[in-house]
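Computed from the coordinates by the stated procedures, all read-outs in this text should not be read as laboratory data. What you see is a predicted model, and the numbers here were worked out from it, not measured in a lab. Don't worry about glycine lacking a Cβ; one is built from the backbone with ideal geometry, like all the others, and counts go over all protein chains shown.
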Amino acid sequence: MSGPRQSRRWSLGRRLGLWLAASVAALWLAAATVAGLVLRHEIGEVFDSALQEVAQRVLPLAYSELLSREAGDAPQHMAPIGAHREYITYVVRDGAGRVLLQSSDAELMAIPPGLAPGFHTTDRLRTYTEAAVRGTIVVTTAEELGHRAAAVRRAVMALIWPLVALVPIALAGVWLSVRLSLKPVLAFRRAIAARGRGNLTPVSADGLPEEMAPVAASVNALMERLRGALEAERGFTANSAHELRTPIAAALAQTQRLLAELPEGAPRQRARDVAGALRRLTRLSEKLLQLAKAEGGGLLAEHPAPLGPVLRHVIAELDHQTERGSDLVVAIPPDGGPVSDLDPDAFAVLARNLIENALKHGAPETPIHVRLSADGFEVANRGPVVPADRLAALLRPFERGPTQAEGSGLGLAIAAAVCRGAGLRLDLASPIPGEADGFQVTVRFPTAILTGS
C-alpha cells in the first residue's frame, strides 16, 4: 500500500532558468513592440517626405507640359524606365479636374480627384496634394497604406526572428550560470544527505552564498543538538546496562548458592524462578549494551576482512550455549565469504541476534537456514506468517511478532541499528519467498562496503 501521493517538486535551478529565459523573451518582445511603434512613426515621416518631394519635383514638369500641350490633347502617361514596381504614383490635373499627366500605375491606384492641398489618408491610400498657378495645376502623389504596413511588419519581424535562436541560447546560458552558481548549494545538500545516525558532524558551509549561510548554521546547530540528545540516550542505556551487570551477577550467584543449600520443595522452586528471572535480566542487559554499541557508530573497520570466519565463530558459540547447532543449516563459501569493511564485532552482533531470533521464534524441530554470500547474509526459519503491516514494526525496540517464545524484543532492533549505522539494507519477508509460511531476514551488502569476494 503506497503512501499519499506527493506533489511534484521543482528544482530551484530549473525554476530560475525558466523564469529568466521567459523574462528575457518578454523583454525582447516588449522592446520589439516599442521599436515597431517608433519605426512605424519614422517610416511614416520618411514616406510622407518622399510623397511631398515627388510632388514638388513633378510640379515644374507639369507646368511645362501645360504650356506646350494643345487643346484636346489626351492625357500623357510617363512610360517607366525598365520593369519595376511603383510604390509612389502621381497624377497631374488642371483646375477642372482633367488629367494632364500621370505615372504608369496611376490608373491602378485610382487616386481620387478634388483633394485639398496637403496630406490625406483614405481607406487604402496616403496622398499629398500640391497646387500651383493659382490652382490651375494640381499634383497629387499617392502610396498604398499596405506598403507602409508591410515595411513596418518586415522590420519588426527582423527584430523578432532572432528571439527564436535567442531563447534556446538563453536557456542554455541561464542553466549553466545557475548550475555553476548553485554548485556549492548542491554540495551542501549532498553533505546533509550523507549524514546519518552515525555521522552528525557539522556540514561545511564553504562557498555558500550569503542567503544560504544562515541555513547552514541552523542545520549544524540542529545536528549538534541531535548528536547531544543521541549521545545522552546511548550513554544512559550503556551505563545503565553496564551498572546492572555486576549486581545482577552477584544476585544470581547468591541465588545459585541458595539453590544448593535448600532442600526440594516450594522454597527451592521459588529460588529457581528467581534465578531464571535474573538470567533473563542478564540477557536483557547484554542486549541493551549491544543496542548502545550498534547505535553509537564505529561499525566499520580500518582493514577489510572476510566475514565467513566470524560467522563460523558465532555459530560455534551458539551451539556451545544452546546445544542447537544441529538445527542450523549453514552455507558459507569455502573461500571465507565476502571481504568487507564491516567491523567483525558488529557483524558478529548482527549475525548472533538474527540467528538467536530464528532459534527462539522458529517452529520447533524445523531447520534454520543461514546463508552467507557475496550478495548478503540471510537467515530463514519456519513459523507462523507475520502480517505485512507488522513487519516494519518489528524493527522497533521491544516489538514482538505472533509468538509465545520468551524474548526481549530487541534482536531485530539491534540488527536494524547495525544495518543503519553501517549502510546496509535490511529486508524482512513473511512468508519465506516461494513458501507458505516462515520468516526471512536478508541483509544486503552494498558495493561500497565490499572490497572483494
Given a Förster radius of 25 Å and the C-beta distance between Thr136 and Ile43 as r, what FRET efficiency does 1/(1 + (r/R0)^6) yield to the nearest 0.05? 0.15
Chain lengthening between Glu264 and Thr201 when straightened (0.36 nm per residue, less Cα-Cα): 16.7 nm
Highest-first arrangement of 260-267, 216-223, where packing means the average Cβ count within 10 Å: 216-223, 260-267
Can you give the extra length, in nm with one decimal, that the chain gains between Asp345 and Trp161 once fully stretched, where that is 0.36 nm per residue apart less the Cα-Cα distance? 59.2 nm
Per residue of the stretch 332-341, what does 6.51 cos²θ - 1.76 cosθ + 1.60 with θ = phi - 60° give for ³J(HN,Hα)? Whole Hz please, x for Gly and Pro, Karplus curve as stated. 10, x, x, 7, x, x, x, 8, 9, 7
What is the extension gain from Arg227 to Ala25, computed as 0.36 nm multiplied by their sequence separation minus the C-alpha to C-alpha distance, in nm to one decimal? 67.8 nm
In the stretch 419-439, which residues have a backbone nitrogen under 13 Å from the label point lying 7 Å from Arg390's Cα in the Cα-to-Cβ direction? 430-431, 438-439
Testing the spin-label approximation: label points 7 Å from Cα along Cα→Cβ at Ser373 and Asp273. State their distance in nm. 4.9
I want to check the label-to-label distance for Ala251 and Arg154. Put each point 7 Å from Cα in the C-beta direction and report it in nm to one decimal. 10.4
What spacing in nm lies between the two simple spin-label points modelled at Ala35 and Ser218, each 7 Å away from Cα in the Cβ direction? 4.5
Ordering of 344-352, 321-329 by burial proxy (mean other Cβ atoms within 10 Å per residue, highest first): 344-352, 321-329
Restricting to Cα atoms and excluding each atom paired with itself, what does the Kirkwood estimate give for the stretch 303-368 in Å? 12.5
For Ile432, residues with placed amide H under 5 Å, excluding near neighbours: Asp437, Gly438, Phe439
Sorting check: for 117-124, 387-394, which peptide has the highest mean count of neighbouring beta carbons within 10 Å, and how do the rest follow? 387-394, 117-124
